[in-house]
Each structure stands twice: as C-alpha cells, then as structure tokens.
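Below you'll find the structure, written out as structure tokens, and then a few comments.
Where a number appears in this text, it was derived from the coordinates with a stated rule and is not lab data. Computed from a predicted model, the values in this text were never measured in an experiment. Note: ideal-geometry Cβ built from the backbone for every residue, glycine included; neighbour counts use all protein chains shown.
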Ligand SMILES: [Zn+2]
C-alpha cells in the first residue's frame with residue numbers, strides 16, 4: 001500500500017467516517033472517494049504518458065565518433081598515434 005497505508009487503517013477511517021457522517025451519507029462519501037480515485041488515476045495516466053513521451057523524445061545514445069586512418073582509411077581507435085594497418089602517423 002502506498003504511503004504506508006494498511007487495510008486496517010482503511011477500516012478505521014471507514015468506521016470514523018461512519019461515526020462522523022452517519023450511515024445515510026456513506027453513499028455520498030463513497031461517490032466522492034470514487035471521483036477522487038478516478039481523477040487520481042487519470043492524473044497518473046497523464047503523468048506516465050508525459051514520461052513516455054519524454055523518453056521517446058530523448059535521442060539514442062550518441063556513438064563515439066569513428067576514427068579512420070588518414071592514410072589508408074581503416075578504422076582505428078581513438079588515441080592511437082599510428083595506424084595498426086599501415087603505420088601512418090595520425
Ligand atoms: Zn592506415
């Protein structure tokens with residue numbers, strides 16, 4: 001349960017509500033709770049959709065620039081001073 005709310009707490013809240021509002025008003029309270037829950041879930045859905053859109057907007061991880069030998073054009077690793085293929089200085 002979120003917020004550390006346990007089923008026993010809900011029962012206590014229900015009993016307290018019953019004592020405060022009386023049984024005749026319970027359907028009304030139930031309705032308003034249902035409305036609140038629906039609004040809450042709609043808000044959650046909206047938030048998660050926004051989150052998903054945010055992820056989709058993020059460009060894929062940029063790959064490190066590929067280096068090629070200036071002499072023979074073979075791919076070489078960054079930081080290499082000489083081409084392993086032809087030995088040309090980079
Ligand atoms: Zn080379």
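Observations
- Test for residue 36: is it away from the ligand (no atom under 16 Å from the Cβ) and within 22 Å of residue 10 (Cα to Cα): yes
- Selection within the range 36-85 - surrounded by 10 or more Cβ atoms within 10 Å (Cβ to Cβ) and assigned to a loop (DSSP other than H, G, I, E, B): 69, 70, 71, 72, 73, 74, 80, 83, 84, 85
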